[in-house]
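Single-structure report; data block below.
Computed from the coordinates by the stated procedures, all read-outs in this text should not be read as laboratory data. What you see is a predicted model; the values in this text were computed from it and never measured. Glycine also receives a Cβ, built like all others from the backbone with ideal geometry; neighbour counts cover every protein chain displayed.
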Amino acid sequence: MACPTGAARLMEDNAIYRTWPKAELHLHLEGSIEPGTMCELDPRLSPETIRAHYTFTGFAGFIETYKWVVGHLRSPEDYAHITRALLMRLEAEGVRYAEITLSAGVVLWKGQEFAPIFRAIREATAGSPVEVLWILDAVRHFGVDHAMQVAQLAAERVNDGVVAFSIGGDEERGPAAWFGEVFGFARNAGLRLTAHAGEGAGPESVRAALNIGAQRIGHGIRSVEDAGLVRELRDRQIPLEVCITSNVLTGVVPSLDTHPVRRLFDAGVPITLNTDDPAIFGVTLSGEYALAAGHFGFSDSEMQSIARNGFQFAFKRY
């Protein structure tokens, strides 16, 4: 049985951007599993079954795809396998540095032992020319106790490749205000802090994340709805981890033309470009750069400044 070769690309990558040294700061390991890699994880799956599960509409459909994908990660070696595959693709994309989000909260939700999984992915990075640090992510709508468990796992590994703690999941069912104590614990342990916010919920969600100490905002594009918040992000130089194609395919924005990346940039908000869940969304980082330049009219010098932001706002300071 032939494995599928990968999700259909929304656009052809621009080879120029592939040669640029780049950093990626918003990248989910579990969302990087290409259909071909899924076939390798479970050869019983037919290409048709895999393609059907990688086809979705809207945010709810994306969540179902994501849940189906992570359901096939059954062992530490599975996690190691997808890590090696991702690093090969990042190297080919010219990515020099990546902060990869690992859904530790999902590992706990599945009832798996975290330590051997993390050890396997750490070993899988050995020898890669891509420098990798890890962000452990909690599922915010699972509650405070769950998030503290993830923060404790991150704190135990602050000198073993983990650089930050984050909260993802449903912003409205898990408001950031719940997690002030958890963020304080993580900060005191030496971890940096980020949060998904301003994606499914409005600018008030971004403000709440900032209030508990978030140093970067995952997505954050709905900040554009609040001029005062935009000024605060600009003045405090709080970067937004922008994922253009992700926002379009999940329905966070109604169309590519309405995406606010250009307005945020022009307002002085620091942005980085990222793929989010590249295999599920069928994108590459160089493709996102080409999309930003081609559709939103970013000049070459503006694109270079965005590329520099990836290193400047990395939690490992360059």
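With unit charges on the beta carbon (Lys/Arg positive, Asp/Glu negative), name the residue among Thr284, Phe56, Thr272 whose Cα is farthest towards the positive pole of the charge dipole of the chain. Checked the options; the winner is Thr272.
Relative to the 2.2 N^0.38 Å rule of thumb, the chain has a C-alpha radius of gyration ratio of 0.92. Hey, with R₀ at 45 Å, roughly what FRET efficiency would Asp235 and Gln152 work out to, going by the Cβ-Cβ distance, to 0.05? Efficiency for this residue pair is about 0.85.
For the options Ala154, Ala52, Ala209, a Gaussian network treatment of the chain with springs between C-alpha atoms closer than 10 Å singles out Ala52 as fluctuating the most.
Taking the square roots of 5 times each eigenvalue of the Cα gyration tensor of region 80-195, largest first, gives ellipsoid semi-axes of 25, 14, 14 Å. Close amide H contacts of Glu34 (hydrogens built in the peptide plane, cut-off under 5 Å, sequence separation of 5 or more or a different chain): none are found. Quickly estimate the mean residue ellipticity at 222 nm for the chain, helices only: each DSSP H run with n ≥ 4 gives -39500 (n - 2.57), and the total goes over all residues, rounded to 500. Theoretical 222 nm ellipticity from helices: -13000 deg cm²/dmol.
For the peptides 81-89, 194-202, 277-285, residues were scored by their other Cβ atoms within 10 Å and the scores averaged per peptide; the highest-first order is 277-285, 194-202, 81-89.
Listed by chain and number, the aspartates and glutamates placed with their C-alpha closer than 20 angstrom to that of Lys22 are Glu12, Asp13, Glu91, Glu93, Glu99, Glu131, Glu241, Asp276, Asp277, Glu288, Asp300, Glu302; residues fewer than eight positions away on the same chain are left out.
The simple spin-label model puts a point 7 Å past each Cα toward its Cβ; for Thr55 and Asp42 those points are separated by 1.9 nm.
The listed peptides 220-233, 254-267, 134-147, ordered by packing as a protection proxy, come out as 134-147, 220-233, 254-267 (highest mean of other Cβ atoms within 10 Å first).
Hydrophobic long helices, here whole DSSP H runs in the chain with Kyte-Doolittle means of at least -0.5 and Cα atoms spread over 24 Å or more along the helix axis, are found at 76-92.
The packing ranking, built from the mean of other Cβ atoms within 10 Å per residue, places the peptides 39-46, 119-126 in the order 119-126, 39-46, highest first. Straight-distance candidates among the aspartates and glutamates for linking to Lys110, with alpha-carbon spacing under 14 Å and chain neighbours fewer than 8 residues away dropped: Glu30. With the simple model of a label 7 Å out from the Cα in the direction of the Cβ, Glu64 to Asp266 spans 3.8 nm. Give the relative contact order (percent, whole number) for the chain; include only Cα pairs under 8 Å separated by 6+ residues. Worked out over the chain, it gives 21 percent. Look at the Cα gyration tensor of region 1-146: its axes a ≥ b ≥ c give a/c under 1.5, and that counts as rounded.
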